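Okay, so here's the structure we're looking at.
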Amino acid sequence: MALSPAMSNLSKIDPDIARVVENEERRLRENIVLIASENYASAAVLAATGSVLTNKYAEGYPGRRYYAGTENVDVAESIAIDRAKELFGAEHVNVQPHSGSQANMAAYFAALKPGDRVLGMSLDHGGHLTHGSPVNFSGKLFEFGHYGVDSESEQLDYDAVARVAGEFKPKLIVCGYTAYPRTIDFARFRQIADEVGAFLLADIAHIAGLVVGGAHPSPVEHSDIVTTTTHKTLRGPRGAMALTKSDLARKYDSAVFPNMQGGPMMHSVAAKAIAFKEAAQPEFKDYAQSIVQNAQALSASLAAGGLRIVSGGTDNHLMLVDVRPLGLTGKEAEAALHAAGIVANKNTIPNDPESPFVTSGVRIGTPAVTSRKMSASDMETVAGFILDSIKAADNESALASIKDSVSKFASQFYVPGLDDA
Ligand SMILES: *Cc1c(COP(=O)(O)O)cnc(C)c1O
């Protein structure tokens, strides 16, 4: 397979890296990508990401820069900010955080002092590293308490969260997760935050695309700060952004620069602007609805095939699949799926008896396959491949033959970034 046009010159200049890109383009075409946090950015987003805007230093904000020659990148950042305000209905937007983790770091610095108390979801119930893991800056710089899901329903119990908040008295509450398959009641979180006088941070890194597409309620009116990545369901370049109420706007901006970052990545900021334009199109609403429909179709087929779906189903783009009913650990299931050309990650399930390196579950998401225009009926085929691979986990030749079928199936579908170039 030849390199995509944008990359074809690279094979003359650096064949080693050209081969890496070419192999990755092939992998993205022939595999079924079910990593819940991944997606396929458009050719337009890739073009901006690979543009000369990467050359420019622009510390500061549009109109208030510490470098000369920013007249062009100022336009890009202003467009990105205006489009994001419109898209999310936000008062103030910062499009400079390099990643979701950094968007959260800036949120903590804007609202808190080191040592302050923060309440988030525990990591083994779906929280992110930046929600107070002891190996992450968040757990080192702030005093975190944690809430989890109910052990019966495996869903959030808001009264229980309110009780934990009342006892712990955090200065900030984090909602929004990495591995939670259900709708989040942001209005209820606002109530809980108000009861204890805490700020509310909604980290919608995973579901931002569903929010702007109308497939999940928006946290914007209920939250003091909303952070999100731009490369997950939002389908933009690798990076992040934050939406703040105007009283925290200046604090957030200075928490990003000069507190945490130097120059923004202007190629990425421009690509974010493009992604916001794409997400404002009517087709993106259809995309967001289809992600959820596909997740529900896939989880129903997997359950019918004997796997257990944590919390009994999904309202969003992902599901947690308990693979123990078919006799595997999450680690074994991940390896079997990978051998069959299906990419999903092992994941702890609530109250998992296994360690995070082994786990009892697999996290499966539909944003990427939905970008390839797979439909709910295609999800039955995908579920069949998943079930066959898990059942053939110790049979190398069976997995190789499933991989052939997966590759033939997946290669029929559109690949954003390559087929729109
Ligand atoms: C992915 C994710 C992040 C971090 O994003 P990075 O860009 O990988 O740093 C933060 N919060 C949540 C809930 C996430 O899922």
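The values are calculated or read from the model by the stated rules, or taken from the named source; none is laboratory data. Please read all numbers here as calculations on a predicted model, not as lab measurements. For neighbour counting, all protein chains shown are included, and Cβ atoms are generated from backbone atoms with ideal geometry for every residue, glycine included. Ligands, DNA and RNA are stripped out before the accessible areas are found, and what is left, the full protein with its side chains, is counted by its heavy atoms. Shrake-Rupley method; radii C 1.70, N 1.55, O 1.52, S 1.80 Å.
Data overview
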| read-out | value |
| --- | --- |
| Members of segment 254-280 that are among the hydroxyl-bearing types (Ser, Thr, Tyr) and more than 13 Å from the ligand (Cβ to nearest atom) | SER254 |
| Residues satisfying the stated conditions in segment 219-246, i.e. within 16 Å of the chain's Cα centre (by Cα) and among the small types (Gly, Ala, Ser) | GLY236, GLY239, ALA240, ALA242 |
| Any hit, segment 242-253, residues being in a strand (DSSP E or B), at negative phi and within 13 Å of the ligand (Cβ to nearest atom) | yes |
| Residue selected from segment 160-183 under the condition part of a loop (DSSP other than H, G, I, E, B) and open to solvent by 10 Å² or more (accessible area, probe 1.4 Å), by the criterion nearest to the ligand (Cβ to nearest atom) | THR178 |
| Top-ranked residue of segment 239-266 - restricted to ones that are open to solvent by 60 Å² or more (accessible area, probe 1.4 Å) and polar (S, T, N, Q), ranked as modelled with the lowest pLDDT | SER246 |
| Out of ALA368, ALA398, sole residue that is under 18 Å from ALA333 (Cβ atoms) and assigned by TED's automatic domain parsing to the domain that holds THR314 | ALA398 |
| Failed item in (1) open to solvent by 70 Å² or more (accessible area, probe 1.4 Å); (2) closer than 25 Å to ILE364 by Cα, with ILE32 passing the rest | (1) |
| Residue within segment 278-301 that is buried (at least 19 other Cβ atoms within 10 Å of the Cβ), small (Gly, Ala, Ser) and not in a helix (DSSP H, G or I) present | no |
| Residue in segment 360-382 that is surrounded by fewer than 20 Cβ atoms within 10 Å (Cβ to Cβ), among the acidic types (Asp, Glu) and closer than 25 Å to VAL292 by Cα present | yes |
| Qualifying positions in segment 44-53 - of a type in the set (Val, Ile, Thr) and surrounded by fewer than 18 Cβ atoms within 10 Å (Cβ to Cβ) | VAL52 |
| Any strands (runs of 3 or more DSSP E) falling wholly within segment 54-159 and containing at least 2 residues that are open to solvent by less than 30 Å² (accessible area, probe 1.4 Å) and out of contact with any helix residue (DSSP H, G or I) (no Cβ under 9 Å at 6 or more places or on another chain) | none |
| Residues (within 25 Å of SER397 (Cβ to Cβ) and open to solvent by 40 Å² or more (accessible area, probe 1.4 Å)) located in segment 340-359 | LYS346 |
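Conditions (1) without any contact (Cβ under 8 Å) to a residue 40 or more places away in the chain; (2) over 30 Å from GLN412 (Cα atoms), marked per residue:
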position	(1), (2)
LEU10	yes, no
ASP16	yes, no
ILE32	no, no
ASN55	yes, yes
ALA58	no, yes
VAL73	no, yes
ASP82	yes, yes
